[in-house]
Structure formats: structure tokens, C-alpha cells
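Here's the structure we're looking at; comments come further down.
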Amino acid sequence: MIIAANWKMNPPLADAGQLVSAYTQTNFDGVQRVLFPPHPYLVHMAMRLEGSGILLGGQDCHQSAAGAFTGDVAAGMLRECGASMVLLGHSERRAGHGESDELVAAKASAALEAGLSTMICIGESLDERERGRAEEVVSRQLDKSLPDGVPADRLVIAYEPVWAIGTGKVASETEIGAMHQSVSRQLAELGLGGVPILYGGSVKPDNAASILAIDDVGGALVGGASLKADDFAAICAAAELAV
Ligand code: PEP
């Protein structure tokens, strides 16, 4: 089970220090935690996480190794700051920064080149789900967002229905089960069987156990609830029971 915390552009640094301290005071057997803090906090977080077993990741990277890209961050820089993973293709980047599947794949290639593992997000919009196109859209995103030759042991997929992110709405167990089964089948066809498939979208302490018990759900990508130490710990405890 992998439980990943996506802090997005939160919280203030002083609160981040307290939050990460709370993370490190807990331990969950069989649960790999990953923290994606804002980029300026990486070095600070790397020091705080030392010896905790919690992995550190960046929330994005550029597709080039270096150059004149003001405001961007290279995968190698994330690595130098203590990250071992990068989150790519989150729907907030796809929507807010116009990131295409092809760009996500190029960023993933750069990340692999720099020695990072990749967590690639895919997920349909509400309109696509309502029109019965969810599986087709997610399958196309998966196909096009993966870089050539990605090794299975450096890839994690996060299925996040866009309409469930930060909204309090959660996909039903049937919807999650069907999508994870379809993604799992497609990964196996691509020679990537066994790659963990996380669910993301309003995972909270009160729904974590039932979501994590669904077949082919290998963990959760958690946004809002990861900013509350007790809520994040409760989700990790549910994962420990689901292992
Ligand atoms: C996310 O940011 O990936 C996410 C799933 O957010 P939330 O848990 O707040 O829906």
C-alpha cells in the first residue's frame, strides 16, 4: 500500500514543519508513505524525513534537464534536494497549465533520466463520465502519458476522477473497482503488470477503509486530508489494515 500526501500550494512553512513532525512520529507496517510538498520546502523536508522511511517527491518537473526556463524546476534538481519521486500530470496541472499527455510523457522521461521514480495521474472529467466515456478517456491518457521503456518498478499510477478532487465527492466503489481493473489490465498488456494503482479524490478517514479494500487499489493519493496530521494518520492506519 502506498499513501501519498499531495500538499499542493499549502501550508505556510511553520505549519509544514509541525505537520511533517507529526508524520514522522507515526509508523504503519506495510504502508509506504510519500510526501509531495511545495518545491521550496524540499530540502527542509528532506532533513525532517531522514530515517523516517517516508519518501519525498516533487509536485512537477520540467521536460528538459537544464536551460532558460524561468520558474521551472528540473528533475535532477528535485533529486539533489532529496526527492526520489515526482508527481506528474495532476489534473490541476493539466487544466491550469495546459499540460498534454505528450508533455507528461516527456516530463516522465526526464524524471527517469534523472533517477527519479514517477507517479503519473490520469482521470476523467465529470462531463466525460456522464457521457459514458470515462474508461476510453483514461485508457488514452494512460497510453499517451507513459514514456517509452518506463520500468515497472519506477512507476506508480494515480487514478483521480477530476470531479472528485477537492470536492468531497467520491467515486462509488463500483466505479473505482471497474476503472482500476481496466487500468490494471492495460498495464499488464503493456508489460507493466504489478504497477501500483492509487485512487485519489476526496479520500478521508471515513471512506479510506472501504476504498482501500477494493480490488486493484494499491493505495491513495491524498490532497486535503493530508494537511491534517490526524486525518492522514487515520488513512494510513486504514491502509495498514488493508495490507
Ligand atoms: C489530489 O490533490 O490529488 C487530491 C486527490 O485531492 P483531495 O484529496 O483533496 O481530493
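The values are calculated or read from the model by the stated rules, or taken from the named source; none is laboratory data. All of these numbers come straight from a predicted model, not from anything done at the bench. Positions of Cβ are generated from backbone atoms using ideal geometry, with glycine treated the same way; all protein chains shown enter the neighbour counts.
Restricting attention to region 203-217, and to residues there that are part of a loop (DSSP other than H, G, I, E, B) and under 19 Å from VAL183 (Cβ atoms), which single residue is nearest to the ligand (Cβ to nearest atom)?
So the first thing to find is which residues in region 203-217 are part of a loop (DSSP other than H, G, I, E, B), and the list is 203-204, 213-217.
Add one more test, that the residue is under 19 Å from VAL183 (Cβ atoms), and what stays is 203, 213-217.
Working: VAL203: 5, ALA213: 18, ILE214: 16, ASP215: 20, ASP216: 18, VAL217: 14 Å.
The residue in question is VAL203.
Across region 155-203, which residue is farthest from GLY123 (Cα to Cα) among those that are touching a residue at least 60 places away in the same chain (Cβ under 8 Å) and of a type outside the set (A, V, I, L, M, F, W, C)?
Let us first name the residues in region 155-203 that are touching a residue at least 60 places away in the same chain (Cβ under 8 Å), namely 156, 158, 160, 162, 165, 183, 196, 198, 200-201.
Checking the rest, the ones that are also of a type outside the set (A, V, I, L, M, F, W, C) come to 160, 196, 200-201.
Values: GLU160: 5, PRO196: 16, GLY200: 9, GLY201: 10 Å.
My answer is PRO196.
Does ALA152 satisfy being without any contact (Cβ under 8 Å) to a residue 24 or more places away in the chain, surrounded by fewer than 22 Cβ atoms within 10 Å (Cβ to Cβ) and aliphatic (A, V, I, L, M)?
Details: without any contact (Cβ under 8 Å) to a residue 24 or more places away in the chain: no; surrounded by fewer than 22 Cβ atoms within 10 Å (Cβ to Cβ): yes; aliphatic (A, V, I, L, M): yes.
No: the conditions fail for ALA152.
Give the residue that is farthest from the ligand (Cβ to nearest atom), with candidates limited to residues of region 127-149 that are within 21 Å of LEU88 (Cα to Cα) and buried (at least 19 other Cβ atoms within 10 Å of the Cβ).
PRO147
Can you say whether VAL195 is under 18 Å from the mean Cα position of the chain (by Cα), buried (at least 21 other Cβ atoms within 10 Å of the Cβ), more than 14 Å from the ligand (Cβ to nearest atom) and not acidic (Asp, Glu), as far as the supplied structure shows?
Here the answer is yes, as VAL195 does meet what is asked.
Go through the residues of region 10-19 one by one and say whether even a single one is touching a residue at least 60 places away in the same chain (Cβ under 8 Å), within 15 Å of the ligand (Cβ to nearest atom), of a type in the set (S, T, N, Q) and crowded, with 21+ Cβ neighbours inside 10 Å.
no
Looking at GLY51, GLY67, GLY82, which one is surrounded by 13 or more Cβ atoms within 10 Å (Cβ to Cβ) and more than 26 Å from SER210 (Cα to Cα)?
When all the criteria are applied, what remains is GLY82.
Do you know which residues across region 167-192 are over 16 Å from LEU212 (Cα atoms), surrounded by 13 or more Cβ atoms within 10 Å (Cβ to Cβ) and within 13 Å of the ligand (Cβ to nearest atom)?
THR167
Suppose we filter ALA178, ALA188, ALA171 for residues that are at pLDDT 95 or above and either part of a strand (DSSP E or B) or under 16 Å from ARG129 (Cα atoms) (or both); which single one remains? Walk me through it before giving the result.
Working: ALA188 fails: either part of a strand (DSSP E or B) or under 16 Å from ARG129 (Cα atoms) (or both); ALA171 fails: at pLDDT 95 or above.
Sole residue among the options that is at pLDDT 95 or above and either part of a strand (DSSP E or B) or under 16 Å from ARG129 (Cα atoms) (or both): ALA178.
Name the residues in region 166-207 that are touching a Leu at 6+ places or on another chain (Cβ under 9 Å) and among the hydrophobic types (A, V, I, L, M, F, W, C), would you?
Within region 166-207, VAL183, LEU187, LEU190, LEU192, VAL195, ILE197, LEU198, VAL203 qualify.
Kindly indicate whether any position in region 218-227 is crowded, with 18+ Cβ neighbours inside 10 Å, among the aliphatic types (A, V, I, L, M), modelled with pLDDT of 95 or more and assigned to a loop (DSSP other than H, G, I, E, B).
For region 218-227, residues crowded, with 18+ Cβ neighbours inside 10 Å, among the aliphatic types (A, V, I, L, M), modelled with pLDDT of 95 or more and assigned to a loop (DSSP other than H, G, I, E, B): absent.
Any idea which of (1) polar (S, T, N, Q); (2) farther than 27 Å from GLY76 by Cβ; (3) within 16 Å of the ligand (Cβ to nearest atom) is the one ASN6 doesn't satisfy?
Exception for ASN6: condition (2).
Confirm whether GLU102 is in a helix (DSSP H, G or I), free of Cβ contacts under 8 Å to residues at least 12 places away in the same chain, charged (D, E, K, R) and more than 16 Å from the ligand (Cβ to nearest atom).
Against the criterion (in a helix (DSSP H, G or I), free of Cβ contacts under 8 Å to residues at least 12 places away in the same chain, charged (D, E, K, R) and more than 16 Å from the ligand (Cβ to nearest atom)), GLU102 does not qualify.
With the checklist (1) under 17 Å from ALA4 (Cα atoms); (2) buried (at least 21 other Cβ atoms within 10 Å of the Cβ) in hand, flag the one item ASP230 doesn't pass.
(2)
Do the conditions hold for ALA158, that is, is it in a loop (DSSP other than H, G, I, E, B) and within 16 Å of the ligand (Cβ to nearest atom)?
No: the conditions fail for ALA158.
Check region 108-116 and report whether any residue there is outside any loop (DSSP other than H, G, I, E, B) and within 16 Å of the ligand (Cβ to nearest atom). First the steps, then the outcome.
Taking region 108-116 first, the residues outside any loop (DSSP other than H, G, I, E, B) are 108-113.
Narrowing further to those that are within 16 Å of the ligand (Cβ to nearest atom): none.
Within region 108-116 (the criterion being outside any loop (DSSP other than H, G, I, E, B) and within 16 Å of the ligand (Cβ to nearest atom)), the answer is no, since none of the residues qualifies.
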